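Chemist: The structure that follows is given in the form of structure tokens.
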Amino acid sequence: MSSHPCVVTLDHRSKPRVLFSGDQLVEVDLPVGTRVIYPKPPLEPLNDVDAAIRYALNHPLGCEPLYAKLKPGMRVTIAIDDLSMPLPPMKTPDVRQRVLEAVVELLDQYAITDVEMVIATAFHRPMSEAEVKRMVGGRLFGRFWPDRLYNHDAERPGGLTYLGTTEGGIEVEINSRAADSDLVIYVNLTFVPMNGGHKSMGTGLVGYKTLKAHHTPHTIRASKSYMDPKASALSDKMVEVGRLIESKVDTFHIETTVNNRMFDAPLAFLAKNEDELTPAEERAMKALIRSLKLLPQPARAAIFDRVPAPYGVTGVWAGACEPVHEACLEKVYEQLLVPIEGQADICIFPIPYISPYNVNAFLNPLLVSVMAQGYLFNLARGAPLMKKGATVIITHPCTDKFDREQHAPYVEFFHKLLPRTRDAMELHKRFERTFAANPGYIQMYRTGKGYHPAHPFYMWYWGENGRQHIGRVIVVGADNEYVPGILGYETAATMDEALRMARETAPANPSITCFRIVPMVMADVTPTPSAGAIEAREDDE
């Protein structure tokens, strides 16, 4: 077992663990011997973020400084990540605002007036006016919105420019404004290893012709973990797309990282090991648990949504895509990775209230599956956290509730397609293309608040490598059996019952690991040796 301070093995003195179950908290008394993985403490933030930004712009990696690329009269497009990261949104000023202000000031000094800002939403929902203003700040918003600051529209007629086909056969087309620019400056916040790098341009500013080539069940099945770029077929394809884009469009990347300080003072105790809570924090925790039980769902969500995260900026890098992203990933791993020795027979995944795809909306059942078999499964490097065929226990109410503005295509996908088949390959072949062309859903994406109709398919694919590896999923705390049944999950009334069910198909004396996600954490797993490997090692000795 690991001796890392973030890995705790419970004994008879351990207190019950407090786990997220959507926007509620539940206390569970886990068995002695359960291994609980906690996030690392937040890294120390930079002392002077603005100075770090200026230094990065003037001392880039792999290319000349930004000022050396500028000349009066040139056409510049600034692309910006959307609100899907970080989670939850950070306290203002958002680090992207600070980067944008420094970049625009430099452009002004060189008398560059043909400047537009495009939010790289890909097939995500458009950001609202208020959300954009919060991210970029009032001064830039007032100057550029809405004619020169807007959401990328992957379905706008004539809005994409074909750049060519990669060696692997991927057709690449990107936002026409970006394609026709003398310089594209991409401003990114890399929160998890899947973000940033070539994914920024190769996903954020493209359309269906390009996305459908790498957002597939085949690609996810071929990815050991899409949070580990070196073991990700998804990352490989994005690099392929990104390199073609960079060969055609002069691009300057600016990547930033933040620590994992998710909760501010009123809720800071949620990030702590329960055994280390002070008496005052323990009382506050119990009071919060009681309050959440009594409040209606909108009020519960408001408790978390109204306290923005006090993330501290930990790094800023600028220049060419690949060296910038490599430096950025080192800092991301420094914050997230916790070494884990051996894989578990049973894993417990608390499912929190938020994901990259439900900001300001309820975590619907399809997104619950994305978190369980997608994001949390893939938050591992080296090997999955659980053994092949292991049981995963999740905590979530699995309420049959969808935001009808953001997630309208999800409703039809979940209630009409999944009952027919959960086979990702069949969904991909039989239904995706027609569904993706639905004119009503496309109109909601273009002019309303909706995700693109292809997006629910991508969300189902996102869990494909988890589904291939995990044996069973048991839900604790579901308020119905219908939703878990559609997802192929079982239900249990309590954690004790779920563990009893899991032991039925587990080895004798199964190893149990609780992945206490929130704040963000990633497991650096040394896999359990197979019986054959152990015998071979003993023979060598």
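Chemist: What residue, among those in the stretch 345-404 that are among the hydroxyl-bearing types (S, T, Y) and under 26 Å from R125 (Cβ atoms), is surrounded by the fewest Cβ atoms within 10 Å (Cβ to Cβ)? Give the steps one after another, and end with the answer.
Modeler: The initial filter retains those residues of the stretch 345-404 that are among the hydroxyl-bearing types (S, T, Y), namely 353, 355, 357, 369, 375, 391, 395, 399.
Narrowing further to those that are under 26 Å from R125 (Cβ atoms): 353, 355, 357, 369, 375, 399.
Values: Y353: 22, S355: 20, Y357: 25, S369: 29, Y375: 23, T399: 17.
In this case the residue turns out to be T399.
Chemist: In addition: Only residues that are touching a Lys or Arg at 6+ places or on another chain (Cβ under 9 Å) and assigned to a loop (DSSP other than H, G, I, E, B): list them for the stretch 364-381, please.
Modeler: Across the stretch 364-381, the qualifying residue is only N364.
Chemist: Go through V18, V8, V26 for me and flag whichever is touching a residue at least 60 places away in the same chain (Cβ under 8 Å), more than 24 Å from A301 (Cα to Cα) and part of a strand (DSSP E or B). Walk me through it before giving the result.
Modeler: On the way: V18 fails: more than 24 Å from A301 (Cα to Cα); V26 fails: more than 24 Å from A301 (Cα to Cα).
That would be V8, the only listed residue that is touching a residue at least 60 places away in the same chain (Cβ under 8 Å), more than 24 Å from A301 (Cα to Cα) and part of a strand (DSSP E or B).
Chemist: Of all residues in the stretch 437-478, count the ones that are part of a helix (DSSP H, G or I), closer than 22 Å to V359 by Cα, out of contact with any Asp or Glu (no Cβ under 7 Å at 6 or more places or on another chain) and not β-branched (V, I, T). Walk me through it before giving the result.
Modeler: Here is the first cut: in the stretch 437-478, the residues part of a helix (DSSP H, G or I) are 439-447, 455-462, 464-469.
Cutting the leftovers down to closer than 22 Å to V359 by Cα gives us 441-447, 455-462.
Retained after the next criterion (residues that are out of contact with any Asp or Glu (no Cβ under 7 Å at 6 or more places or on another chain)): 441, 443-444, 447, 455-456, 458-462.
Checking which are not β-branched (V, I, T) leaves us with 441, 443-444, 455-456, 458-462.
Selection size over the stretch 437-478: 10.
Chemist: Look through D264, D250 and report the one residue that is farther than 28 Å from M386 by Cβ, of a type outside the set (F, W, Y) and touching a Pro at 6+ places or on another chain (Cβ under 7 Å).
Modeler: Result of the check over D264, D250: D264.
Chemist: OK, next. Do you know which of the residues in the stretch 473-520 that are touching a strand residue (DSSP E or B) at 6+ places or on another chain (Cβ under 6 Å) and among the β-branched types (V, I, T) is nearest to P88 (Cα to Cα)?
Modeler: Taking the candidates together, the pick is V518.
Chemist: From T92, T121, which residue is in contact (Cβ under 8 Å) with a residue 40 or more places away in the chain, buried (at least 18 other Cβ atoms within 10 Å of the Cβ) and not in a helix (DSSP H, G or I)?
Modeler: One residue alone meets the criteria, T121.
Chemist: Is one or more of the residues making up the stretch 250-266 among the small types (G, A, S) and at pLDDT below 95? Steps first, please.
Modeler: Within the stretch 250-266, the first condition is being among the small types (G, A, S), and the residues that meet it are 265.
So of that shortlist, the ones also at pLDDT below 95 come out as 265.
Yes, the conditions are met somewhere in the stretch 250-266.
Chemist: Looking at the stretch 479-504, which of the residues that are in a helix (DSSP H, G or I) and over 19 Å from M386 (Cα atoms) is nearest to the chain's Cα centre (by Cα)?
Modeler: We begin by selecting, within the stretch 479-504, every residue in a helix (DSSP H, G or I); these are 482-487, 495-503.
The next check asks that each one be over 19 Å from M386 (Cα atoms); those that pass are 482-487, 496-497.
Numbers: Y482: 27, V483: 23, P484: 23, G485: 25, I486: 24, L487: 21, D496: 30, E497: 31 Å.
Result: L487.
Chemist: Quick one: which helices (runs of 4 or more DSSP H) sit completely within the stretch 199-312 and have at least 2 residues that are under 20 Å from Y458 (Cα atoms) and not aliphatic (A, V, I, L, M)? I'd like the intermediate steps shown before the answer.
Modeler: Numbers: elements: 208-214, 217-221, 233-248, 279-294, 297-305.
Because the criterion is at least 2 residues that are under 20 Å from Y458 (Cα atoms) and not aliphatic (A, V, I, L, M), the helices (runs of 4 or more DSSP H) in the stretch 199-312 that meet it are 208-214, 217-221, 233-248.
Chemist: Additional query: Scan the stretch 144-157 and give yes if some residue there is hydrophobic (A, V, I, L, M, F, W, C), assigned to a strand (DSSP E or B) and within 16 Å of T447 (Cα to Cα), otherwise no. Quick ask: steps written out before the conclusion?
Modeler: Within the stretch 144-157, the subset hydrophobic (A, V, I, L, M, F, W, C) is 144-145, 149, 154.
Filter once more, so that each one left must be assigned to a strand (DSSP E or B): 149.
Narrowing further to those that are within 16 Å of T447 (Cα to Cα): 149.
Yes: the stretch 144-157 contains one or more residues that are hydrophobic (A, V, I, L, M, F, W, C), assigned to a strand (DSSP E or B) and within 16 Å of T447 (Cα to Cα).
Chemist: Return the total of residues in the stretch 134-190 being β-branched (V, I, T) and within 13 Å of I80 (Cβ to Cβ).
Modeler: The initial filter retains those residues of the stretch 134-190 that are β-branched (V, I, T), namely 136, 161, 165-166, 170, 172, 174, 184-185, 187, 190.
Still in the running and within 13 Å of I80 (Cβ to Cβ): 136, 184-185, 187.
Of the residues in that region, 4 qualify.
Chemist: Looking at E322, E330, E341, can you tell me which residue is loosely packed, with under 15 Cβ neighbours inside 10 Å, acidic (D, E) and over 12 Å from D23 (Cα atoms)? Don't jump to the end; show me each part of the working.
Modeler: Values: E322 fails: loosely packed, with under 15 Cβ neighbours inside 10 Å; E341 fails: loosely packed, with under 15 Cβ neighbours inside 10 Å.
Only one candidate qualifies: E330.
Chemist: I'm checking my understanding of the structure. Among residues of the stretch 173-209 that are among the aromatic types (F, W, Y) and over 17 Å from the mean Cα position of the chain (by Cα), which one is farthest from D228 (Cα to Cα)? Walk me through it before giving the result.
Modeler: Within the stretch 173-209, the subset among the aromatic types (F, W, Y) is 186, 191, 208.
After this cut, where a residue has to be over 17 Å from the mean Cα position of the chain (by Cα) as well, the list is 186, 208.
Details: Y186: 22, Y208: 25 Å.
That would be Y208.
Chemist: Identify, please: which residue in the stretch 29-51 is assigned to a loop (DSSP other than H, G, I, E, B) and among the aliphatic types (A, V, I, L, M) and is, among those, farthest from M386 (Cα to Cα)?
Modeler: If we filter the stretch 29-51 for residues that are assigned to a loop (DSSP other than H, G, I, E, B), which is where we start, we get 29-34, 38-48.
Okay, now just the ones that are also among the aliphatic types (A, V, I, L, M), so 30, 32, 43, 46.
On the way: L30: 17, V32: 19, L43: 28, L46: 36 Å.
Among residues in the stretch 29-51 that are assigned to a loop (DSSP other than H, G, I, E, B) and among the aliphatic types (A, V, I, L, M), the one farthest from M386 (Cα to Cα) is L46.
Residue-by-condition table, conditions (1) of a type in the set (S, T, Y); (2) surrounded by fewer than 18 Cβ atoms within 10 Å (Cβ to Cβ):
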site	(1), (2)
H4	no, yes
T9	yes, yes
R17	no, no
V36	no, no
R54	no, yes
E64	no, yes
G73	no, yes
T77	yes, no
I80	no, no
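Chemist: Any residue at all in the stretch 390-402 that is touching an Asp or Glu at 6+ places or on another chain (Cβ under 9 Å), assigned by TED's automatic domain parsing to the domain that holds Y451 and in a helix (DSSP H, G or I)? Before the answer, list the steps.
Modeler: First, the residues of the stretch 390-402 that are touching an Asp or Glu at 6+ places or on another chain (Cβ under 9 Å): 390-391, 397-400.
Narrowing the set further to residues that are assigned by TED's automatic domain parsing to the domain that holds Y451 leaves 390-391, 397-400.
Still in the list and also in a helix (DSSP H, G or I): none.
The answer is no, given that none of the residues of the stretch 390-402 is touching an Asp or Glu at 6+ places or on another chain (Cβ under 9 Å), assigned by TED's automatic domain parsing to the domain that holds Y451 and in a helix (DSSP H, G or I).
Chemist: Of the residues that make up the stretch 287-300, is at least one buried (at least 16 other Cβ atoms within 10 Å of the Cβ) and closer than 30 Å to R98 by Cα?
Modeler: No: the stretch 287-300 contains no residue that is buried (at least 16 other Cβ atoms within 10 Å of the Cβ) and closer than 30 Å to R98 by Cα.
Chemist: What's the number of the only condition in (1) in the same structural domain as D423 (by TED's automatic domain parsing); (2) among the β-branched types (V, I, T); (3) farther than 15 Å from I474 by Cα that V332 fails to meet?
Modeler: Unmet condition: (1).
The values are calculated or read from the model by the stated rules, or taken from the named source; none is laboratory data. Predicted model only: the values in this text are computed from it and were never measured. Cβ sites come from the backbone with ideal geometry, for glycine too, and all protein chains shown count toward neighbours.
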